[in-house]
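Below is one structure; the comments refer to it alone.
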Amino acid sequence: MGNNASSLSELNLFSKGGIFTREQLDEYQDCTFFMRKDVIRLYKRFYALNPQKVPTNMQGNRPAIVTLTFEEVEKMPELKENPFRRRICEVFSDDGRGNLSFDDFLDMFSVFSEMAPLQLKLKYAFKVYDYDGDEYLGHDDLSKMIRSLTRDELTDEEVEFIIERVIEEADLDGDDRINYAEFEHVVSRSPDFIRTFHIRI
């Protein structure tokens, strides 16, 4: 009897009016760290952010087209208190302005999931901190990062002092900026990194 009920709900999930096609869910499962049930759960989270805008049928190319604004997405409890919420959304958004399609949203949660490997998390953390996108963490990037982390409560002198210490600690080739390999070298030694670069779904 129980089997019958689950096959009925599966029929509903994949019927013409279902949220996703079976192929879409297979593809999501292949290119994220999620199972089908996780994808559906994340769709429900995405839908709840603006039920007027997000359709109940996400078949075809809708997951790449239907987009929520940064202002709609930042209300999520997991992002609301994060000082880097705008940067995180910008890095994962296709438009670079923080507006997320469902595909972007799913990618973001996939990288922040506990199943994502350290290397992938490091790669995206570096992108989040690399404000100008030049593939280095320079003086301005570090200044913005420190001001975000401390919620702008430090004096300019204190920020400068921290920047100097960070560069002293991490800059191995002496060019006064931090490249990805140097960032990886420092951050991968930090046991807190994995814990902080994580969002439960």
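Just to be sure, is D140 over 19 Å from G96 (Cβ atoms) and without any contact (Cβ under 8 Å) to a residue 12 or more places away in the chain? Before you say what the answer is, go through the steps one by one.
On the way: over 19 Å from G96 (Cβ atoms): no; without any contact (Cβ under 8 Å) to a residue 12 or more places away in the chain: yes.
When the stated conditions are applied, D140 does not pass them.
Criterion first (touching a Pro at 6+ places or on another chain (Cβ under 8 Å) and under 21 Å from R41 (Cβ atoms)) does F102 satisfy it? Lay out the reasoning, then the answer.
Details: touching a Pro at 6+ places or on another chain (Cβ under 8 Å): yes; under 21 Å from R41 (Cβ atoms): yes.
Yes.
Take V54 and decide whether it is in a loop (DSSP other than H, G, I, E, B), open to solvent by less than 80 Å² (accessible area, probe 1.4 Å) and β-branched (V, I, T). If you could, list the steps in order and put the result at the bottom.
Numbers: in a loop (DSSP other than H, G, I, E, B): yes; open to solvent by less than 80 Å² (accessible area, probe 1.4 Å): yes; β-branched (V, I, T): yes.
Answer is yes for this residue.
Based on this model, can you work out whether G174 counts as among the small types (G, A, S) and more than 22 Å from V111 (Cα to Cα)?
Working: among the small types (G, A, S): yes; more than 22 Å from V111 (Cα to Cα): yes.
Against the criterion (among the small types (G, A, S) and more than 22 Å from V111 (Cα to Cα)), G174 qualifies.
Applying the selection to segment 169-182, what residues are in a helix (DSSP H, G or I) and either at pLDDT below 95 or buried (at least 16 other Cβ atoms within 10 Å of the Cβ) (or both)? If you could, list the steps in order and put the result at the bottom.
The first filter runs over segment 169-182 and keeps only residues in a helix (DSSP H, G or I), leaving 169-170, 180-182.
Correct list: E169, A170, E182.
For the condition in contact (Cβ under 8 Å) with a residue 24 or more places away in the chain and in contact with a His (Cβ under 8 Å, 6 or more places away or on another chain), what is the one hit in F112, F84, F105, F70? Spell out the reasoning first.
Details: F84 fails: in contact with a His (Cβ under 8 Å, 6 or more places away or on another chain); F105 fails: in contact with a His (Cβ under 8 Å, 6 or more places away or on another chain); F70 fails: in contact with a His (Cβ under 8 Å, 6 or more places away or on another chain).
Among F112, F84, F105, F70, only F112 is in contact (Cβ under 8 Å) with a residue 24 or more places away in the chain and in contact with a His (Cβ under 8 Å, 6 or more places away or on another chain).
Being buried (at least 19 other Cβ atoms within 10 Å of the Cβ), touching a residue at least 40 places away in the same chain (Cβ under 8 Å) and either in a helix (DSSP H, G or I) or touching a strand residue (DSSP E or B) at 6+ places or on another chain (Cβ under 7 Å) (or both) is the filter here, so list the residues in segment 25-44 that pass it.
Within segment 25-44, the subset buried (at least 19 other Cβ atoms within 10 Å of the Cβ) is 25, 28, 32, 34, 38-39, 42-43.
From the residues that got through so far, the ones that are touching a residue at least 40 places away in the same chain (Cβ under 8 Å) too are 28, 32, 34, 38-39, 42-43.
Within segment 25-44, Y28, D38, V39, L42, Y43 qualify.
Among the residues in segment 152-162, are any outside any helix (DSSP H, G or I) and under 22 Å from the mean Cα position of the chain (by Cα)?
Our first condition is that a residue be outside any helix (DSSP H, G or I); within segment 152-162, this holds for 152-155.
From what is left, the residues that are under 22 Å from the mean Cα position of the chain (by Cα) are none.
Checked segment 152-162: no residue is outside any helix (DSSP H, G or I) and under 22 Å from the mean Cα position of the chain (by Cα).
Give me a count of the residues in segment 183-197 that are without any contact (Cβ under 8 Å) to a residue 12 or more places away in the chain and part of a loop (DSSP other than H, G, I, E, B).
Of the residues in segment 183-197, the ones without any contact (Cβ under 8 Å) to a residue 12 or more places away in the chain are 189-192, 195-196.
With the extra rule that they be part of a loop (DSSP other than H, G, I, E, B), the set shrinks to 189-191.
Of the residues in segment 183-197, 3 are without any contact (Cβ under 8 Å) to a residue 12 or more places away in the chain and part of a loop (DSSP other than H, G, I, E, B).
Evaluate the following for E153: is it free of Cβ contacts under 8 Å to residues at least 24 places away in the same chain and over 23 Å from E74 (Cβ atoms)?
Numbers: free of Cβ contacts under 8 Å to residues at least 24 places away in the same chain: yes; over 23 Å from E74 (Cβ atoms): no.
Here the answer is no, as E153 does not meet what is asked.
The values are calculated or read from the model by the stated rules, or taken from the named source; none is laboratory data. These figures come from a predicted structure and were not determined experimentally. So basically every Cβ, Gly included, is an ideal-geometry build from the backbone, and we count neighbours across all protein chains shown. Heavy atoms of the whole protein, side chains included, go into the accessibility calculation; ligands, DNA and RNA do not. Shrake-Rupley method; radii C 1.70, N 1.55, O 1.52, S 1.80 Å.
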